[in-house]
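Encoded as structure tokens, the structure appears first; notes follow it.
The values are calculated or read from the model by the stated rules, or taken from the named source; none is laboratory data. From a predicted model like this one, the values you see are computed outputs, not experimental measurements. For neighbour counting, all protein chains shown are included, and Cβ atoms are generated from backbone atoms with ideal geometry for every residue, glycine included. Accessible surface is based on the protein model in full, side chains and every heavy atom, while ligands, DNA and RNA are left aside. Shrake-Rupley method; radii C 1.70, N 1.55, O 1.52, S 1.80 Å.
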Number of protein chains: 2
Amino acid sequence: MQRRYNTQQICFEQEFSLDGLDEALQQQAFEVMQEERQSGRIGYYDLPRNSAQMVYDAASRLHKLESKFSKSIQTIVVIGIGGSSLGIKAIDTLLHPALREQKEIVYLENSDPVELSYALERIHKGRSLFFLISKSGGTIETISIFKMMLTHFNIHLDGADKERFFIITDEGSILSQFAKQYGLNEFNIPENVGGRFSVLSAVGVLPLLAAGFNVPKILDGASSMIERFFAGQEMHVLQKAAFMTTHKEHYPINVLFGYSNLFEQLGKWFVQLWAESLGKVDAQGNRVGLTPIGLTGAVDQHSFLQLIIEGPRNKTVTFMKIDNFENGLMIPDISLKFLEKTNFANSLPFNTLINAQCDATKESLLQCDVPVDTITLARIDEETVGAILAYFELLTSAAGAMMHINTYDQPGVELGKVILQKRFAK
Amino acid sequence: MQRRYNTQQICFEQEFSLDGLDEALQQQAFEVMQEERQSGRIGYYDLPRNSAQMVYDAASRLHKLESKFSKSIQTIVVIGIGGSSLGIKAIDTLLHPALREQKEIVYLENSDPVELSYALERIHKGRSLFFLISKSGGTIETISIFKMMLTHFNIHLDGADKERFFIITDEGSILSQFAKQYGLNEFNIPENVGGRFSVLSAVGVLPLLAAGFNVPKILDGASSMIERFFAGQEMHVLQKAAFMTTHKEHYPINVLFGYSNLFEQLGKWFVQLWAESLGKVDAQGNRVGLTPIGLTGAVDQHSFLQLIIEGPRNKTVTFMKIDNFENGLMIPDISLKFLEKTNFANSLPFNTLINAQCDATKESLLQCDVPVDTITLARIDEETVGAILAYFELLTSAAGAMMHINTYDQPGVELGKVILQKRFAK
């Protein structure tokens, strides 16, 4: 009962049952998403297109800076957390190995003093550009780290260091007002684009461009996926969202099992997207949501897999793999005495071994009736990365529409912020 | 209703209700664990003590090697996956920042060709010691990587390179027979110690010693925790296991929310321990298990927290924090125009901010009736790290005993291995 959908360079295979799924629900969700887009309420659908002009503008400004600093820029510093870092990390991690000429991106995210101290050692002011990213403008980790850096690197925003800083925030936010006060480079996140859907806005575009990634191709890949979806050519997205939301009581946990370390940060980006978008109180006052888990294959075959196979049948599993790693590392044809039983892998590229491990694990789950689907990227390039990000965003919007919730807010996290501030109120 | 237990340098606080927990069940589990230990069926309880002699032996052999190689060893290479790497990574990550003089440990775990290629760039044969770790001896990733390295580094096991290799495996395994054939350095894992409980056997002891960690102190910390538990002084472990297993239908997901990037690898080690030990078919044929999730604070306040607060009430949360990071990085007392609302954090050490964020998040969960407990390490040192590893192992054994399962096997993962081999059978 496998269904297979090929899109550009990505193959989607579904091996869960469509029995009992409401087609009207899928059509309704599709219409909700059309309305979100057409009304302009939700902006991420049009980001790839709208960001293209910004790329042109930003690229020329960055180019001038490069010339001015005599090509001495070696490090891109991203100061941001959550939606202001996860997407950049996902793209950076996926694409970095393919294109070795990029600059290094250093992330200052957490309020952990040890982690920050590590990162500071890798930054030299004179060889860096800094991207300060906060949608609301007042994120306590981000602004506190910014203040620490002003002191640590003896930064003069009203003088020589001004040009090294880029502020990315909502128009009119307190951080935007601060940027204007000092005449700093500023780029805005559209108001109708939420933080976790913002990677293809200035949030991701600016630092990735500065680091040397081919951002227009990433935007192209995302744009194609979104346009194909709205043209009715990617209806498997709705089928999958329908399966996951219809059976959410039965399968409250969704595992994303990526067979490459390259997928680790994409997994974390997906976890934010899925958890924060769908974990909500619905219109009837019910707590709803689906719990995402990111795993890495083949490593987590030796960790989490036992629980999926023999534990409670409460998980769906989405496998992700890379058909062609474009890396020829091989297992040589060596037979070691007493270890002959491992010879079946001799002469295989590791590329073949890891994908065979993915297939074998999938097969073992199918034999145990675990609902499974598989996403295979032909290879890792800018277009497939853009497309896969857009795919997960569309899937999330579809699931949110089917659950009748507000997919785009996060009211639950405010309480902790209030408690934190009160603690230090004088 | 907070209960607080202080052990050496660790404070355990429980803020979940003990109502409805069966004390006889806890006593029974305690007796099961006593029997496991006294009968010698389960060996990890006595590992810290039994490993002490090995430390003495191994240290002197490593010392001789250091002299022979004129102190040229800079890199410790660990070739292993799952239980053969996760525990080493957890300890290495936690303790590394405190003690900067250690050698770097490079891990070759996954069958991912890109990840392997990255790792290979960091290894120079002449400056490395190699630890090949596989309990069963036939782990396909590990042996395949070993073969690749024989070719890649032009290694001669019957000659000059012999001394650089350490084999860690079960006595009599196929890898042990191979080691004897070539006269390689060999250390064994006790047969009664499972892979995921093996970090304090030769698996962890050898590479960590070689890297320069104070392993005897780690063993001391673990030993104290275990002896105190069996002396009846850590009964909170049984209370927590009882809460988690009694309410497993209601709270099938257990979150470990560590407020420091230092805890990230500990989280992965715990995920293996909890998932693989408890995800089982029980004596009555029921699928049981608890799903672990590792989160990092404060980062995941911007990702997963919304789901915990507003989503289905199906999660327990264990916070972990470090009272004293021994790092003085501060937020300076700078007031930036328009950003004054962030001034409440001015003049705070990041150490204080991140712990206040942990406390505030905990408070917000308590207000929403999420079952919570907190583990506070006074600081990160060898003893606390040893103790916390032992704590999680004891908790897992207690939970397994209460669920009437075999905590120590992993039959579910065999099917995938068989399918993989069949695929390449000629």
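Please work out the Cα center distance from region B:366-426 to region A:8-81, rounded to the nearest Å.
Each part's Cα centre sits 38 Å from the other's.
Using a 1.4 Å probe on the protein chains only, how many percent of the accessible area of region B:44-213 belongs to carbon and sulfur?
48 percent
Using a Gaussian network model of chain B whose springs link C-alpha atoms within less than 10 Å, name the residue from B:PHE165, B:PHE392, B:PHE153 with the highest mean-square fluctuation.
B:PHE153
Under the 0.36 nm per residue contour assumption, what length would be gained going from the current alpha-carbon distance of A:HIS250 and A:CYS11 to full extension?
Values: separation 239, 0.36 × 239 = 86.04 nm, distance 2.68 nm.
Contour length minus Cα-Cα distance gives 83.4 nm.
Sorted by mean Cβ packing within 10 Å, highest first, what order do the peptides B:355-363, A:331-339, B:248-256 take? Provide the component values of the computation, followed by the final result.
Numbers: B:355-363: 22.4, A:331-339: 15.6, B:248-256: 19.1.
Sorting B:355-363, A:331-339, B:248-256 by mean packing, highest first, produces B:355-363, B:248-256, A:331-339.
Report the charge-dipole magnitude of the protein assembly as shown in Debye, nearest 20, computed about the Cα centre from +1 at each Lys and Arg Cβ and -1 at each Asp and Glu Cβ.
Dipole of the protein assembly as shown, to the nearest 20 debye: 1580 debye.
Roughly speaking, what is the centre-to-centre gap between region B:274-315 and region A:318-356 when only Cα atoms are used, to the nearest Å?
When both Cα centres are located, 33 Å separates them.
Let me know the mean shielding of B:322-335 by other chains, meaning the per-residue number of their Cβ atoms within 10 Å of its Cβ. Kindly include the intermediate steps, with their values, before the conclusion.
On the way: counts 3, 0, 0, 5, 2, 6, 2, 11, 6, 9, 7, 2, 7, 1.
Other-chain Cβ atoms within 10 Å of each residue's Cβ, averaged: 4.
What total accessible surface area, summed over both chains, is buried at the interface between chains A and B, computed with a 1.4 Å probe and given in Å² to the nearest 100?
That pair of chains buries around 10200 Å² in total.
For a quick check: with amide H placed at 1.01 Å from N, whose amide H comes under 5 Å from A:PHE187's, ignoring anything fewer than 5 positions away on the same chain?
Under 5 Å from the amide H of A:PHE187 lie the amide H atoms of A:ILE167, A:ILE168, A:THR169, each far enough along the sequence or on another chain.
Please find the FRET efficiency linking B:ALA378 to B:GLU227, where r is the Cβ-Cβ separation and R0 is fixed at 22 Å, and quote it to the nearest 0.05.
Once rounded, the FRET efficiency stands at 0.65.
Using unit Cβ charges (K, R positive; D, E negative) and no other charged atoms, how large, in debye to the nearest 20, is the dipole of region A:44-213 about its Cα centre?
Details: 17 positive and 18 negative charges, 88 e Å.
The calculated dipole for region A:44-213 is roughly 420 debye.
Please compute the average number of Cβ atoms from other chains found within 10 Å of each residue's Cβ in peptide B:115-122. Kindly include the intermediate steps, with their values, before the conclusion.
Numbers: counts 12, 5, 6, 3, 0, 1, 0, 0.
Per residue, the average neighbour count from other chains is 3.
Using θ = phi - 60° and the Karplus curve 6.51 cos²θ - 1.76 cosθ + 1.60, what whole-Hz ³J(HN,Hα) does each residue of region B:296-313 get, with Gly and Pro shown as x?
10, x, 7, 3, 7, 4, 9, 9, 8, 4, 3, 5, 5, 6, 9, x, x, 7
7 Å along Cα→Cβ for the label point: how many nanometres lie between A:ASN214 and each equivalent label in the other copies, listed shortest first?
Between copies, matching label points for A:ASN214 lie 5.3 nm apart.
Could you give, in nm with one decimal, how far A:GLY183 is from each other copy of that position, shortest first, with labels 7 Å out from Cα toward Cβ?
Counterpart label points of A:GLY183 in the remaining copies fall at 7.7 nm.
Once the dipole of the protein assembly as shown is set up with Lys and Arg at +1 and Asp and Glu at -1 on Cβ about the Cα centre, which of A:ALA242, B:TYR5, A:PHE197 lies farthest towards its positive end?
A:PHE197
What helices does chain B have that are whole DSSP H segments, at least 24 Å long along their own axis by Cα, and with mean Kyte-Doolittle hydropathy of 0.5 or more?
Span-like helices, by this rule, are B:382-402.
Out of A:PRO216, A:PRO207, A:PRO97, any idea which swings most in a Gaussian network model of chain A, alpha carbons joined below 10 Å?
The residue with the greatest mean-square fluctuation here is A:PRO97.
Pop out a list of residues from region A:134-156 that are at least 20 Å² less accessible with all the protein chains around than in their chain alone; 1.4 Å probe, no ligands or nucleic acids counted.
Flagged in region A:134-156: A:GLY138, A:ILE140, A:GLU141, A:ILE143, A:SER144, A:LYS147, A:MET148, A:LEU150, A:THR151.
Would you mind giving the mean number of other chain beta-carbons within 10 Å of the Cβ of each residue in A:285-291, as a whole number?
Per-residue shielding by partner chains comes out at 5.
Size of the dipole of chain A about the Cα centre, Lys and Arg at +1 and Asp and Glu at -1 on the beta carbon, nothing else charged, in debye to 20?
On the way: 39 positive and 49 negative charges, 259 e Å.
Computed about the Cα centre, the dipole is about 1240 debye.
Considering the dipole of the protein assembly as shown built from charges on the beta carbon (Lys and Arg +1, Asp and Glu -1) around the Cα centre, which of B:ILE218, B:GLY416, A:SER136 is farthest to its positive end?
The residue sitting most towards the positive pole is B:ILE218.
Could you point to the residue in B:ILE123, A:PHE30, A:SER335 farthest towards the positive end of the protein assembly as shown's charge dipole, with +1 and -1 charges on the Cβ of Lys/Arg and Asp/Glu respectively?
Of the candidates, B:ILE123 comes out farthest on the positive side.
For the protein assembly as shown, give me the percentage of DSSP beta bridges that are antiparallel, rounded to the nearest 5 percent.
Antiparallel: roughly 25 percent of the beta bridges in the protein assembly as shown.
Got the A:ASP57 label distances to the other copies yet, label 7 Å along Cα→Cβ, in nm, shortest first?
Label-point distances to the other copies, shortest first: 7.0 nm.
Could you name the lysines in cross-link range of B:LYS135, using Cα to Cα under 24 Å and dropping any fewer than eight places away on the same chain?
A:LYS337, A:LYS341, B:LYS89, B:LYS147, B:LYS162, B:LYS180, B:LYS268, B:LYS280, B:LYS417, B:LYS422
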